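**Student:** This is the structure I have questions about; it appears just below.
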Amino acid sequence: MRPSASQIERVAAALVRRLVDQKLLELDVPEPTVQSRFVALLNKNFDEEEAIEREAQAEAEKLIRQGAPGVRREELDLRRVEQLVKQRIAKAKGFAL
């Protein structure tokens with residue numbers, strides 16, 4: 001489930017604050033600029049994950065309809081097939097789930 005925009009903004013702000021406080025990050029630009037970049041990266045990540053989930057769901061439904069050799073259609077679990085397809089797609093795209 002995708003977090004709300006305000007939750008993403010709070011995570012980005014907390015992350016930047018902690019990195020600066022622990023002196024792991026030295027800012028050359030204003031903190032709000034860095035925070036907005038983190039927000040953009042987090043949103044992009046959630047968008048990519050949603051796209052992978054949609055693709056996996058469509059492919060899993062297709063596989064279930066077609067059936068698998070040697071496996072009865074009743075024995076195929078949509079959620080399990082979807083998870084396996086999702087893992088394969090994410091791996092191919094270099095996306096960590």
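**Student:** Which residues make up the longest stretch of the chain that has no trypsin sites (Lys or Arg not before Pro) in a DSSP loop with at most 15 other Cβ atoms within 10 Å?
**Tutor:** So the longest stretch without any such site is 24-71.
**Student:** If you scale each eigenvalue of the Cα gyration tensor by 5 and take the root, what three semi-axes come out for segment 1-43, rounded to whole angstrom and sorted largest first?
**Tutor:** Semi-axis lengths for segment 1-43 are 20, 11, 7 Å.
**Student:** Just from its helices, what would the mean residue ellipticity at 222 nm be for the chain, if runs of 4 or more DSSP H residues each count -39500 (n - 2.57) and the sum is divided by every residue, rounded to the nearest 500 deg cm²/dmol? If you can, show how the numbers build up before the last one.
**Tutor:** Values: 3 runs with 69 residues, N = 97.
Result for the chain, helices only: -25000 deg cm²/dmol.
**Student:** May I pose another question? Calculate how steeply helix 78-93 sits against the longest principal axis of the alpha-carbon atoms of the chain, using the helix alpha-carbon long axis, and give the answer as 0 to 90 degrees to the nearest 10.
**Tutor:** Here the helix axis deviates by roughly 50 degrees.
**Student:** Further, regarding this structure: Counting heavy atoms of the protein chains only and a 1.4 Å probe, report the per residue accessible area for the chain as a whole number of Å².
**Tutor:** 76
**Student:** Another question, if that's okay. Which FRET efficiency, nearest 0.05, do Gln83 and Leu27 yield, Cβ-Cβ r, R0 41 Å?
**Tutor:** Approximately 0.55, to the nearest 0.05.
**Student:** Dipole magnitude of the chain about its Cα centre, charges +1 at Lys/Arg Cβ and -1 at Asp/Glu Cβ only, in debye to the nearest 20?
**Tutor:** Dipole size: approximately 260 debye.
**Student:** May I pose another question? Bin width 5 Å, alpha-carbon pairs only: give the P(r) of the chain as whole percents, running from 0 to the bin holding the largest distance.
**Tutor:** For the chain, the binned pair fractions read 2, 12, 17, 14, 11, 12, 9, 7, 6, 4, 3, 2, 0 percent.
**Student:** Something else now. State the extension gain, in nm to one decimal, for the chain segment bounded by Arg10 and Glu48, taking 0.36 nm per residue of separation less the distance between their alpha-carbons.
**Tutor:** The Arg10-Glu48 span can extend by a further 11.6 nm.
The values are calculated or read from the model by the stated rules, or taken from the named source; none is laboratory data. These numbers come from a predicted model, not from an experiment. Every residue, glycine among them, receives a Cβ derived from its backbone with ideal geometry; neighbour counts consider all protein chains shown. When the accessible area is computed, the model is the full protein with side chains, heavy atoms only, and any ligands, DNA or RNA have been set aside. Shrake-Rupley method; radii C 1.70, N 1.55, O 1.52, S 1.80 Å.
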